[in-house]
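**Q** Below: one structure in structure tokens.
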Amino acid sequence: MPTPINQTTLPLFENDSGEESMEAVLRKIVQTIKKHEIFVLTTHVNPDGDGLGSEVAMYQALKRMNKKPIIINTSETPRQYQFLNKGRIIHTYNPARHDRIIKKADVILVLDISVSKRLDRMQPVVLTAPAIKICIDHHLDNDHFAQLTFADDQAPATAELIYNFIRQDLKQKIDKSIAEPLYTGLITDTGNFRFNATRPETLRIAADFLQMGIRPNEIYSNVFEQGSINTIKLLGLLLERIKPECGSRFHWTYLSQDDFTATQTKPSDTEGFVDYTLKLENSVMGALFYETPDHYTKISLRAKGNVNVQKFAKGYGGGGHFSASGILIKAPFMPTIEKMVKELVKYFETHYGTGK
Ligand SMILES: [Mn+2]
């Protein structure tokens, strides 16, 4: 169920009056935006297409309302999202330059997170700033740091919420400068409209963007086709080593620090690589092990259908979602792989049968 959460200005909603509360929160957010002038927009550490796209779209809408918005993020904008940074409107947090601005802001709009920890370096200044904090997000976790939170965990992307908010609540026209960043948010958070969370409304919004003349092939290419020869070589190493277990229903592979060194790459270049373990026929669970720079073991887990990798990950201090989770094990790489593959096989066979 969509969960509107607000703690300070609204009473917690009771039983099933949820709809009403959500409306009320939205109304208060609109009033707050209309009343004020200086806005700081931000998103989570290591921002993705949804966080960045939502920020840029809101920035454009606020500009049109003659407000003074500024986007300040904890992390730098990744290379593949630089095309969203037209006019260099996205700033990377520098305390000496930005603390003053954040402290003077009327409103801080935090997008695509409801947990302040994920603001990372910016957390202290955001929490202590006198500004009214507003959160718009689609995650369930919430540490209640904002006065106004609009969270809908049924939405596949914050971009979908921002689209409705700009159009229906702020009553601003959606044009290409808003459609392009929001489309980016939709495709990155829905895996190009293939994840379960994708709903009819998501595709209707995408259709609206196409009608405005955005080019899906160009946006896709900007985001997903920026690989280097080095990352392709790294992928080659990973593919060669894929090993089947549990009657080819579970596949795993690994990358060591030596592999990163040999290909001049780093762990962050493995984005999306674990998905290859699920591209094989009958494969419903996959694992990618990689060695961190401090020689520990990171495990990325992916699953299909009723296979729950989150439960396994939690047992080892990891976390994530039902079909996509991660674990960091502070133990040497090769022995840990051996041990954890055995554990994964045991877990899989216990819950999903031996297939024999
Ligand atoms: Mn998101």
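Just so it is clear, none of the values below were taken in a lab; they were calculated from the coordinates. The model shown is predicted, which means the values in this text are computed figures rather than measured ones. When we count neighbours, we look across all protein chains shown, and the Cβ atoms used for this are built from the backbone with ideal geometry, even at glycine.
**Q** Tell me, what ³J(HN,Hα) does each residue in the range 145-157 have, in order and in whole Hz, if you take phi through Karplus 6.51 cos²θ - 1.76 cosθ + 1.60 with θ = phi - 60° and put x for Gly and Pro?
**A** Working through the residues one at a time gives 8, 9, 6, 10, 10, 10, 10, 10, 6, 7, 6, x, 8 Hz.
**Q** Using +1 on the beta carbon of Lys and Arg, -1 on that of Asp and Glu, and nothing else charged, what's the dipole of the chain about the Cα centre, debye to 20?
**A** Value, rounded to 20: 660 debye.
**Q** Which cross-chain or sequence-distant (5 or more) residues have an amide H under 5 Å from the amide H of L255, H modelled 1.01 Å from N in plane?
**A** Answer set, sorted by chain and number: F289, Y290, E291.
**Q** For each of Y220, Y347, Y81, count neighbouring Cβ atoms within 10 Å of the residue's Cβ, then give the residues from fewest to most.
**A** Y220, Y347, Y81
**Q** Determine the relative contact order of the chain: mean sequence separation of Cα pairs under 8 Å and six or more apart, normalised by residue count, in whole percent.
**A** RCO, the chain: 12 percent.
**Q** 222 nm [θ] for the chain, helices only, -39500 (n - 2.57) per DSSP H run of 4+, per residue, to 500?
**A** Dividing the helical sum by the residues of the chain leaves -12000 deg cm²/dmol.
**Q** Here's something else I'd like to know. Projecting each Cα onto the charge dipole of the range 231-352 (Lys/Arg +1, Asp/Glu -1 at the beta carbon, about the Cα centre), which of S325, S268, Y352 comes out farthest on the positive side?
**A** It is Y352, whose Cα lies furthest towards the positive end.
**Q** Another question, then. State the answer as a single residue: which of A129, A179, Y220 lies farthest towards the positive end of the charge dipole of the chain, with beta carbon charges of +1 for Lys and Arg and -1 for Asp and Glu, about the Cα centre.
**A** Projecting each Cα onto the dipole axis, the largest value belongs to A129.
**Q** Please rank Y352, Y316, Y290, fewest neighbouring Cβ atoms within 10 Å first, as an exposure proxy.
**A** By the 10 Å Cβ count, ascending, the order reads Y316, Y352, Y290.
**Q** List, in order, the whole-Hz ³J(HN,Hα) value for each residue of the range 215-225 obtained from phi through the Karplus relation with A = 6.51, B = -1.76, C = 1.60 and θ = phi - 60°; use x for Gly and Pro.
**A** With coefficients 6.51, -1.76 and 1.60, one gets 10, x, 5, 5, 5, 4, 4, 4, 8, 10, 10 Hz.
**Q** Once each part is reduced to its C-alpha centroid, what is the distance from the range 51-104 to the range 196-251 in angstrom?
**A** 26 Å
**Q** So which lysines pass the test for K266, namely a Cα distance under 30 Å, with those fewer than 8 places away in the same chain ruled out?
**A** Filter leaves K86, K117, K233, K243, K279, K298, K304, K311, K314, K330, K339, K342.
**Q** Let me ask another. I'd like the Karplus ³J(HN,Hα) series for the range 252-266: coefficients 6.51, -1.76, 1.60, θ = phi - 60°, whole numbers in Hz, and an x wherever there's a Gly or Pro.
**A** 9, 7, 8, 9, 9, 4, 4, 5, 5, 5, 4, 9, 6, 10, 9
**Q** Could you line up V126, V341, V56 from fewest to most neighbouring Cβ atoms inside 10 Å?
**A** Sorted ascending by nearby Cβ count, the order is V341, V126, V56.
**Q** Here is a follow-up. For the chain, what log10 I(q)/I(0) values come out of the Debye formula at q = 0.06, 0.13, 0.14 1/Å, with one point per alpha carbon and no solvent?
**A** -0.25, -1.10, -1.22
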